[in-house]
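Since the structure comes first, as structure tokens, the remarks are kept for the end.
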Amino acid sequence: AGEIAKAAASGQTAGATMNAWHALRLIRIFRLLRVLRLVDGLDRFAWQLRASAGLFVRTALLLAVFTCVAASVITQAVADHNVSVSSPVLKQAYGSISLSTVSLLRSMYAGSSWEDIVGPLQELHPMMTAFVVAYVIFAMLVPLNVVTGAFVLATQLSKDYGEERKLTEALASAAEGA
């Protein structure tokens, strides 16, 4: 703020002052990045995130596709069933693919009680309850295992990367000393 006042008093334009501020900010950012490179654990963590990002995206897409397929199966079962006027809950929770998807996601992430989610489906067939339970088990355990595996793999690769980097640095320092 003091530099801006000095620049205004000396007759410099606001654009030149702002460019100076941007340059100072860039210098600070580069200093921060240089310091962060010194923290070995943070460097490894950032590398692990980059290494496993693709797997996370593919897992999320797999879960989205699986949820849409399960919602389609349930919606089709509801549409095929002759839903009577006495069962508006079934139509309200599973009347369309989007409603079925929301109901399935609620069942997984504790947005609704199991009785509210599975209860209306028991009208259709008892196996629909087993289908929803199987969906929830699969949708919760498979991505959890994939994510855990991704972190284990990224940790192993990070360890190998760190050892390789230390070896490269040792060879470079030995070459400079020779």
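Read the figures in this text as sums done on the coordinates, not as results from a lab. Fair warning: this is a prediction, and the values are worked out from it, not measured in the lab. No Cβ is skipped: glycine too gets one built from the backbone with ideal geometry, and neighbour counts run over all protein chains shown.
Quick notes on this one:
- Approximating the spin labels as points 7 Å out from Cα along Cα→Cβ, the A64-to-M127 distance works out to 3.1 nm.
- Neighbours of Q92, meaning other residues whose beta-carbon lies under 14 angstrom from its beta-carbon, give a summed charge of 0 when Lys and Arg score +1 and Asp and Glu score -1.
- Counting 0.36 nm for each residue step from V57 to Q92 and taking away their Cα separation leaves a gain of 9.5 nm.
- Förster-model FRET efficiency, 45 Å R0, N145 and L26, C-beta, rounded to 0.05: 0.55
- Highest-first packing order for the peptide set 23-30, 135-142 is 135-142, 23-30, based on the mean count of other beta carbon atoms within 10 Å.
- For L171, net neighbour charge (Lys/Arg +1, Asp/Glu -1) across residues whose Cβ lies under 12 Å away: -1
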